[in-house]
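Written out below as structure tokens is the structure these notes cover.
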Amino acid sequence: IDPDTLQFDLGDDVLAFAARRFDIARDLIRRQETRTLNPGEDYGSLRRVLAFAVRDAGRAAGLLLRQMGGVRTLRDFPNTGRDPLQPLPAAAQRAALQMLSQRVLAADAFVTSPALQRRLAPDFFERAEQLQSTPTEYPLAQTVLDLQRGILNRLMSDALAARVLDSETKFSPPDKPLRLSELYDQLEADIWGELASGADIPQPRRELQREHVNRLAAMVLRPATMTRSDARALLRSRSAALAARLERAARGRGLSPETQVHLSDNAETLRSALSAPLQRAGG
């Protein structure tokens, strides 16, 4: 639970280091848009740079995940004037959550132009050596989705929910600890940002949103997987509220048929989960 016991967090400010790594990853992706390949270079170099950028962003995200609900552990002898368990300042926890949500899960987290995507051809010599295991098209959207799926798994996990709830009890007034409701609200705001603007939803974003809904539905159907009653109640409440938002958004004008059925189908998934008999522990 101690966010200070991390590897690869260079410097004395984890948030600043992670923000710098995200900036570098975004700059790498941006520079490939106008990059001119030298004689002898192949398009595979573009793929390798993009793959590195996404992996490095994933490492930065791993550092931030440890901040929410984090508790520093000191090994002082008694009467040193320092408590051995010190929750990470609430402002740092909120900053980590916001950075993680906006740099990895938001709509503009990983953006590439159609022109760049058309240039992501493989190194055919490398492909031949690997017995064609390298796909012709670079699955950038799937690579990003895999990263986002892993982040969602951690942010919506029972372990993190328990850590955040336990951390709340260690703060003394007038401090305002990061609450689990804030975490879930932040996730929904960035994953479903198109609902507020009424904009059409691109295909990669629909994939991420489906992942979010699938996790909500699974937790609503099997509340025993969450050990804390507060977490179960919050997830059920968020599911009902999100279903209502999706139903309203599906009736909006100017949306593509794919977006409309996406919104309707996700709303139906949540409604079905909320109305289904609960699967209790041992059932």
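The values are calculated or read from the model by the stated rules, or taken from the named source; none is laboratory data. Owing to the predicted nature of the structure, the values given are computational and were not obtained by experimental measurement. All Cβ positions, even for glycine, are placed from backbone atoms using ideal geometry, and neighbour counts span all protein chains on display. Just so you know, the surface numbers come from the protein's heavy atoms only, side chains and all, with ligands and any DNA or RNA stripped out. Shrake-Rupley method; radii C 1.70, N 1.55, O 1.52, S 1.80 Å.
Can you confirm whether the range 91-101 contains a residue that is more than 30 Å from I201 (Cβ to Cβ) and in contact (Cβ under 8 Å) with a residue 40 or more places away in the chain? Checked against the condition, which is being more than 30 Å from I201 (Cβ to Cβ) and in contact (Cβ under 8 Å) with a residue 40 or more places away in the chain, the range 91-101 yields at least one hit. Being under 30 Å from R248 (Cβ atoms), open to solvent by 40 Å² or more (accessible area, probe 1.4 Å), in a helix (DSSP H, G or I) and of a type outside the set (S, T, Y) is true of A141. Residue check: is A53 touching a helix residue (DSSP H, G or I) at 6+ places or on another chain (Cβ under 7 Å) and within 18 Å of P177 (Cα to Cα)? Taking the combined requirement at face value, the residue does not satisfy it.
The residues of the range 34-83 that are more than 30 Å from Q142 (Cα to Cα) and either in contact (Cβ under 8 Å) with a residue 40 or more places away in the chain or of a type in the set (D, E) (or both), listed by number, are G70, V71, R72, T73, D76, D83.
Give me the residue from the range 88-108 that is more than 10 Å from the chain's Cα centre (by Cα) and not in a helix (DSSP H, G or I) and, out of that set, nearest to V49 (Cα to Cα). Checking each candidate, the answer is D108.
Residue count for the range 85-101 under the criterion of being at pLDDT 90 or above and either open to solvent by 70 Å² or more (accessible area, probe 1.4 Å) or out of contact with any helix residue (DSSP H, G or I) (no Cβ under 7 Å at 6 or more places or on another chain) (or both): the result is 7. Is it the case, given these coordinates, that F52 is surrounded by 17 or more Cβ atoms within 10 Å (Cβ to Cβ), of a type in the set (F, W, Y) and either in a helix (DSSP H, G or I) or at pLDDT 95 or above (or both)? For F52, the condition - surrounded by 17 or more Cβ atoms within 10 Å (Cβ to Cβ), of a type in the set (F, W, Y) and either in a helix (DSSP H, G or I) or at pLDDT 95 or above (or both) - is not met.
Within the range 58-70, is there a residue that is assigned to a loop (DSSP other than H, G, I, E, B), among the hydrophobic types (A, V, I, L, M, F, W, C) and exposed (fewer than 15 other Cβ atoms within 10 Å of the Cβ)? Looking through the range 58-70, none of the residues is assigned to a loop (DSSP other than H, G, I, E, B), among the hydrophobic types (A, V, I, L, M, F, W, C) and exposed (fewer than 15 other Cβ atoms within 10 Å of the Cβ).
Conditions (1) closer than 24 Å to K170 by Cβ; (2) among the polar types (S, T, N, Q); (3) part of a helix (DSSP H, G or I); (4) in contact with a Lys or Arg (Cβ under 6 Å, 6 or more places away or on another chain), marked per residue:
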position: A25; (1), (2), (3), (4): no, no, yes, no
position: G40; (1), (2), (3), (4): no, no, no, no
position: R72; (1), (2), (3), (4): yes, no, no, no
position: F77; (1), (2), (3), (4): yes, no, no, no
position: D83; (1), (2), (3), (4): yes, no, no, no
